[in-house]
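What follows is a short report on a single structure.
The values are calculated or read from the model by the stated rules, or taken from the named source; none is laboratory data. Every value quoted in this text rests on a predicted model; they were computed, and no experiment measured them. FYI the Cβ positions are ideal-geometry reconstructions off the backbone, even for glycines, and counts take in every protein chain you see.
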Amino acid sequence: MKNNFPFILNIETSTKNCSVNISKNGKLLCLVEEIKKEYEHIKKLHLFIKYVLDLSKLSIKNIDAICINKGPGSYIGLRIGSTSAKGFCYSLNIPLISIDSLTLMIQNIFCKKKYIISTIKYKEDIFYTAIFNKYKKNINKIKKKKINKYSFNNLSSNNICIISNNIEIMKNLLNNNKYIYIQQSYLSSTMMIKKSIENFKKKKFENIKNSDLIY
């Protein structure tokens, strides 16, 4: 680490929101993001990185680590973010941090329910799912799950909050009006700030040469 207040470059490219920020010791310093109808990350990502560096009056050499979303999400978007981050990390000899989409989805959600379930559609009635407790700690592994009205019967219906990028489909498949349903269409790099500094301090880094993505 170059200083006691690390600068982390957070990059989010899993949805149509191309989002980049710089955080300093877990606090947002500068954010640039744009949601377009089409994926334009290949055109915008490096430009946005330059913008946040210029606006923060920093050089890329001041960055202590880079954080990316490792999926699931857009294959092309994730690949662009990952390739760019790995290139910077390798050339600057700084660590790479990765966080999955399902964890990011719940970061800015306020819910008092005992269970928070984040979901991302894979195809038809199959969704990537992850279950978190009320403290936003993951209590199971990410898995592809066929969704129906029995999917979460092992949990208390009155204590479930469902977060999804396709919430209407989830409502129809689950058919349970006791759940709380929240739509989360786009992710932002701001959702990475808390987790990226936590991982940085715990030294939970990726192997730059071998790190893989969840698609």
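Can you find a residue that is touching a strand residue (DSSP E or B) at 6+ places or on another chain (Cβ under 8 Å), buried (at least 16 other Cβ atoms within 10 Å of the Cβ), among the basic types (Lys, Arg) and outside any loop (DSSP other than H, G, I, E, B) anywhere in segment 72-86? Within segment 72-86, one or more residues are touching a strand residue (DSSP E or B) at 6+ places or on another chain (Cβ under 8 Å), buried (at least 16 other Cβ atoms within 10 Å of the Cβ), among the basic types (Lys, Arg) and outside any loop (DSSP other than H, G, I, E, B).
Summed over segment 22-65, residues that are surrounded by fewer than 16 Cβ atoms within 10 Å (Cβ to Cβ) and assigned to a strand (DSSP E or B) total 4.
Looking only at segment 190-215, count how many residues are closer than 18 Å to Asn17 by Cα and of a type in the set (Lys, Arg).
So in segment 190-215, the residues closer than 18 Å to Asn17 by Cα come out as 190-193, 215.
Checking the rest, the ones that are also of a type in the set (Lys, Arg) come to none.
Residues in segment 190-215 being closer than 18 Å to Asn17 by Cα and of a type in the set (Lys, Arg): 0 in total.
Residues of segment 166-189 that are surrounded by 18 or more Cβ atoms within 10 Å (Cβ to Cβ) and under 15 Å from Lys16 (Cα atoms): Gln184, Leu187, Ser188, Ser189.
Condition test on Ser19, is it part of a strand (DSSP E or B), buried (at least 20 other Cβ atoms within 10 Å of the Cβ) and within 16 Å of the chain's Cα centre (by Cα)? Even if it seems obvious, please write down each step before you answer.
On the way: part of a strand (DSSP E or B): yes; buried (at least 20 other Cβ atoms within 10 Å of the Cβ): yes; within 16 Å of the chain's Cα centre (by Cα): yes.
Here the answer is yes, as Ser19 does meet what is asked.
It is to be established whether one or more residues within segment 133-154 are in contact (Cβ under 8 Å) with a residue 40 or more places away in the chain and surrounded by fewer than 15 Cβ atoms within 10 Å (Cβ to Cβ).
We begin by selecting, within segment 133-154, every residue in contact (Cβ under 8 Å) with a residue 40 or more places away in the chain; these are 142.
Then keep just the ones that are surrounded by fewer than 15 Cβ atoms within 10 Å (Cβ to Cβ); that gives none.
No: zero hits.
Of all residue pairs spaced 6 or more apart or on separate chains, none has beta-carbon atoms under 6 Å together with a first member in segment 90-107 that is over 15 Å from Ile68 (Cβ atoms) and a second member that is assigned to a helix (DSSP H, G or I) and acidic (Asp, Glu).
Restricting the search to helices (runs of 4 or more DSSP H) fully inside segment 96-215 and requiring at least 3 residues that are farther than 25 Å from Ala85 by Cα and in contact with a Ser or Thr (Cβ under 9 Å, 6 or more places away or on another chain) gives 167-174.
Exactly one residue out of Ser84, Ser91, Ser74 is outside the structural domain of Asn158 (by TED's automatic domain parsing) and either in contact with a Pro (Cβ under 8 Å, 6 or more places away or on another chain) or more than 24 Å from Lys16 (Cβ to Cβ) (or both), and it is Ser91.
Can you find a residue that is of a type in the set (S, T, N, Q), within 17 Å of the chain's Cα centre (by Cα) and under 26 Å from Val52 (Cα atoms) anywhere in segment 200-214? Yes, there is a match, as at least one residue in segment 200-214 is of a type in the set (S, T, N, Q), within 17 Å of the chain's Cα centre (by Cα) and under 26 Å from Val52 (Cα atoms). When Lys27, Lys37 are checked against the criterion of being closer than 24 Å to Gln184 by Cα, basic (Lys, Arg) and at pLDDT below 95, a single residue qualifies: Lys37.
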